[in-house]
1. Conditions first: (1) modelled with pLDDT of 85 or more; (2) assigned to a loop (DSSP other than H, G, I, E, B); (3) surrounded by 19 or more Cβ atoms within 10 Å (Cβ to Cβ). LEU144 passes all but one, so which condition is the exception?
2. Looking at the range 270-290, which of the residues that are under 19 Å from PHE243 (Cα atoms) and β-branched (Val, Ile, Thr) is surrounded by the fewest Cβ atoms within 10 Å (Cβ to Cβ)?
3. Examine the range 335-347 for a residue that is over 24 Å from LEU119 (Cβ atoms), among the polar types (S, T, N, Q) and in contact with a Leu (Cβ under 9 Å, 6 or more places away or on another chain), and state whether such a residue exists.
4. In the range 233-257, how many residues are closer than 15 Å to SER284 by Cβ, surrounded by fewer than 24 Cβ atoms within 10 Å (Cβ to Cβ) and among the polar types (S, T, N, Q)?
5. If you go through the range 90-113 one residue at a time, how many are part of a loop (DSSP other than H, G, I, E, B) and within 34 Å of the chain's Cα centre (by Cα)?
6. I'd like the full set of residues that are closer than 13 Å to ASP11 by Cα and surrounded by 15 or more Cβ atoms within 10 Å (Cβ to Cβ), limited to the range 79-102.
7. Could you please find all residues in the range 189-198 being small (Gly, Ala, Ser) and more than 14 Å from VAL169 (Cβ to Cβ)?
8. Looking only at residues in the range 56-68 that are in a helix (DSSP H, G or I) and touching a Lys or Arg at 6+ places or on another chain (Cβ under 6 Å), which one is modelled with the highest pLDDT?
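The values are calculated or read from the model by the stated rules, or taken from the named source; none is laboratory data. These numbers were taken from a predicted model, which means no experiment stands behind them. Quick reminder, even Gly has a Cβ in these numbers, built from the backbone with ideal geometry, and neighbours come from all protein chains shown.
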Amino acid sequence: MREKHKILIVDDEAPFRSALKRLLEKNHIVLQADRGSTGLQMAEREEPDLILLDIGLPDGSGLELLPRFKELRPSPTVVMITAYEKVKDIVLAIKRGAFDYLVKPVDLDEFELTIQNALEHSGLRNEVVRLRQEVQRLQGVDRLIGRDPAFLDAQMLAIKSAQSRDAGVLIQGESGAGKELFARLIHTKSPRAAYPFVALNCAAFGTEIIESELFGYEKGAFTGAKSEGKEGLLQVADGGTLFLDEVVDLHPEIQAKVLRVLEEKEFYPVGGTRKRKVDIRIVSACNQDLWEMTEQGRFRKDLYFRLATIRIDLPSLRRRPEDILPLALFFMEEFNDKYGKKFRGFNPKAEQLLLNHAWPGNVRELRNTIERVILLENDEMILGRHLHFLGGSPGADSPAPSGRFKLDLPEDGMALDEVEKEIILQAYEKCGRNKSKTARFLHLPRHILIYRLKKMGVEN
């Protein structure tokens, strides 16, 4: 059974308070106060989810009391009540943190809608606070949110591995699954936390650039080198953690040099003749099975064993569907703050689109999706139409939507060709008239789809 919300009514008119109480007490716990000072005391003691605050109170203005209510922790959602709809008062109330306002005499439909929206807002904010507290308690990194057992196991393994200063940690998972965040978690929880965390994407540069970035170089080491030379990331990270992302892309020659660093704690800069000592821990990441790459001869086995003393496998987002909406909620709050928006949640259609999408880009793609919507739209809820660019296609590995496919057939029957045409046209519109996406959705080769669309006269 869902826990009832606490609603505090602060108003000096007893008949008005009684009327509101009758409307609310069936589904909520209703508290009452006839003065602002009494209301503040009750709010501190009872921690209400929602406060209905009258502007005109016998011991002061509700507008003056509003900031004091908002300073309480947890901070309640406040809806102002006024006998006169003064624009100046309303603007001031919103600036000071009021969620909405009601005008006496209260319209019943408007009242119910306002209360529903205010409680949804309160629940959203409380859920975000709870998620943040849970994350901070678990790992002290405010972006690792998830309830999936495999994901939680990975977090705990990361925290345990952080206790070592030197043990190599290999993080495996698809692009966008959060490998660098896990690497930062390990660094933050490790004895090296006070020293630098330095990241290098090994797939982003060629062999020569990677070598000079990692090891640095002496002045005049090669054509185009800086006259004063350059300090490498190994030196920059000295005492701390070096994160090698997509380590599988390291050239075999660089792999050998990295192995020497791990074994000897020293290296030569490019063009240098004097050894440099270094004390670092290497955390590496790969979006493939690195052991399989060693079996294929694409990666050194001796380096693999040094890097993968502890191996952490991150599940893809589509393998942890219960985490999609909490993550989306977290990102919505983040971008509300960034762009000054007031989105309160997702309607059922939007939730279904989020749950049905395959998320090939994982958490990174989800974050970018929510940022796009918050930036471009101005509604109070994220709606299905805001996510049209996702195409509505569940994808091969996404959770299957509930229910079976149904087609309303006319009583007098219809030709099979017409059924096929209707299905193709619906899928084409559902996928935003994108031929490649429609072909995947219908499990058809793209050229067959184009042929059938032309035959139907849809495409020339």
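1. Failing condition for LEU144: (1).
2. VAL278
3. no
4. Number of matching residues: 1.
5. Final tally of qualifying residues: 4.
6. Taking the range 79-102 and keeping what is closer than 13 Å to ASP11 by Cα, we get 79-83, 102.
If the condition is that a residue be closer than 13 Å to ASP11 by Cα and surrounded by 15 or more Cβ atoms within 10 Å (Cβ to Cβ), then VAL79, MET80, ILE81, THR82, LEU102 are the ones that fit.
7. Within the range 189-198, the subset small (Gly, Ala, Ser) is 190, 193-194.
Hits for the range 189-198 are ALA193, ALA194.
8. Residues of the range 56-68 that are in a helix (DSSP H, G or I), as a first pass: 62-68.
Now drop any that are not touching a Lys or Arg at 6+ places or on another chain (Cβ under 6 Å), which leaves 66-67.
On the way: LEU66: 93, PRO67: 90.
The qualifying residue modelled with the highest pLDDT is LEU66.
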